[in-house]
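Remarks on the structure that follows.
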Amino acid sequence: LMLMNRMSILDDDDTATTAVMNWRRQLIHWCVHRQLGGMQGRPNKAEDTCYSYWIGGTLTLLRHQELLDRESLRKYVMRCQTKMGGFGKVVGALPDVLHSFYSMAWLSLSQTAAAENDSETSTFIDPPLQQLNCTLGLCQE
């Protein structure tokens, strides 16, 4: 929807149908309830770093990232970072490119959200990560 410039059909306004608004609320509810600390991709599954981006990014696009406990999610992702570099799928797993990329993508999104929220005090990576375009999964610059 974002790439087609059609996200407005999900907005909370008078133009959205009841069915669309119900679907949007259900999607937000489902996403928020995937957080255990880290994010799980399906109910009754283990936390996995890549879902920090997939689900956190979905909530970012829906403009409801504030519903996540970003600090708990950031801590989970950072626990999956390995001494050799990169991030594994879960705590103690060997790093791989996919989970390293999505972990860094989430850290960038959550860093941007924290910077936009003056009341949030969170410790992030120093130096700061470049801002991510959530739609494309690429840096803004």
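The values are calculated or read from the model by the stated rules, or taken from the named source; none is laboratory data. This structure is a prediction, so every number in the text was calculated from the model and none was measured. Neighbour counts are summed over all protein chains in view; Cβ atoms, including those assigned to glycine, are modelled from backbone coordinates with ideal geometry.
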Query - Filter result (surrounded by 14 or more Cβ atoms within 10 Å (Cβ to Cβ) and either within 18 Å of the chain's Cα centre (by Cα) or modelled with pLDDT of 85 or more (or both)) within the stretch 3-22 - result: Met7
Query raised in the report: Given the stretch 9-114, what helices (runs of 4 or more DSSP H) lie entirely inside it while holding 2 or more residues that are farther than 25 Å from Leu129 by Cα?
Result: 18-32
Query raised in the report: Which condition number does Cys50 fail, the rest of (1) in contact (Cβ under 8 Å) with a residue 60 or more places away in the chain; (2) within 23 Å of Asp96 (Cα to Cα) being met?
Result: (1)
Report task. Check the stretch 41-55 and report whether any residue there is modelled with pLDDT of 95 or more and acidic (Asp, Glu). Result -> yes
